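The values are calculated or read from the model by the stated rules, or taken from the named source; none is laboratory data. Note that this is a predicted model, so its numbers are computed, not measured. Here the Cβ is made from the backbone with ideal geometry for all residues, glycine too, and neighbour counts use every protein chain on show. For the accessible areas, the whole protein counts, side chains as well, though only heavy atoms, and no ligand, DNA or RNA atoms are used. Shrake-Rupley method; radii C 1.70, N 1.55, O 1.52, S 1.80 Å.
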Amino acid sequence: MKAKKSVWIIAIDVIMYGIVAGIILYTLLHPKDQILKISVTVGAAFFVGAIILQRLTRKTSRTAEDSVVKLILLDDDGERMKEWYIEGETSLLIGKNSQRGEVDIDLSECEYASLISSEHAVLNRAGARWYIEDMESNSGTGIRQAGKSTASKLVIEEPLQIGAGDLIYIANTRLLVK
């Protein structure tokens, strides 16, 4: 669910665009003052550049719009095998149930279970954001963020923010973040 812009923010944006358009029109209609034309043109170029930079930054940064509600276990063909709804949780341990204890996301029945540590990784929520952290697992934890074509391996005990569309690799097991 996408967060909607506040009516006040939209109104302020419209007013700012109107002011800039008015200044540009005024300078175009008064051709006698060349210094005014140059300064308004430079100012408008900076304003447009700032808007473009803001929009590019907004698309690449993670926000609460990336809300995570579940993890989906995928098989080798990308088919759903199992789902865990995690909305409302604050911390989830990923691994295999054992005599030492139980985990929240149990991967002991997966094809690559022999490569998964009993306490492999942990998901922690801080506010509206989720983070994954490798727990000194034997085979490591990887992440391929949404929109990226390559995966990267997590540094042990260094949290990394995740969002909807990311793919988590627990050994050779894949979990899709939704």
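Taking a point 7 angstrom from the Cα of Ile156 along the C-beta vector, which residues in the range 106-134 have backbone N less than 18 Å away?
Once the point is set 7 Å along Cα→Cβ of Ile156, 115-123, 132-134 turn out to lie under 18 Å by backbone N, inside the range 106-134.
For the chain, what is the mean residue ellipticity at 222 nm derived from helices alone (per DSSP H run of n ≥ 4: -39500 (n - 2.57); sum divided by total residues; nearest 500 deg cm²/dmol)?
-10000 deg cm²/dmol
What whole-number value in Å² describes the accessible area per residue of the chain for a 1.4 Å probe?
66
Could you tell me which of rounded, prolate or oblate describes the range 77-153, using a ≥ b ≥ c as the square roots of the eigenvalues of the alpha-carbon gyration tensor, with rounded for a/c under 1.5 and, failing that, prolate when a/b is larger than b/c and oblate otherwise?
It is rounded, given that a/c, with a ≥ b ≥ c, falls under 1.5.
Tell me the angle of helix 34-60 to the major Cα principal axis of the chain, expressed in degrees between 0 and 90 and rounded to the nearest ten.
Between helix and principal axis, roughly 10 degrees.
For the chain, what size does the Cα cloud have along each of its three principal axes, sorted from largest down, in whole Å?
Computed over the Cα atoms, the extents are 85, 30, 30 Å.
Just the ratio, please: alpha-carbon radius of gyration of the range 121-168 over 2.2 N^0.38 Å, N its number of residues.
1.09
What GluC sites (Glu not before Pro) in the range 122-178 are in a loop by DSSP, with at most 15 other Cβ atoms within 10 Å of the Cβ?
Qualifying residues, ordered by number: Glu136, Glu157.
Which whole-Hz couplings ³J(HN,Hα) result when phi for each residue of the range 166-171 is put into the Karplus expression 6.51 cos²θ - 1.76 cosθ + 1.60, θ = phi - 60°, listed in order with x for Gly and Pro?
Coupling constants for the range 166-171: 6, 10, 9, 10, 9, 6 Hz.
Mind giving me the FRET efficiency for Lys37 and Ile15? R0 is 30 Å, r the Cβ-Cβ distance, nearest 0.05 is fine.
That pair, Lys37 with Ile15, gives E of 0.80.
Angle between the Cα long axis of helix 7-29 and the longest principal axis of the chain, 0 to 90 degrees, nearest 10?
Compared with the principal axis, the helix lies near 40 degrees.
Can you run phi through the Karplus equation (6.51, -1.76, 1.60; θ = phi - 60°) for the range 89-95 and list ³J(HN,Hα) in whole Hz, with x for Gly and Pro?
7, 10, 8, 9, 8, 10, x
Net charge near Glu79: determine it from the other residues with C-beta under 13 Å of the C-beta of Glu79, scoring Lys and Arg +1 and Asp and Glu -1.
In short, -2.
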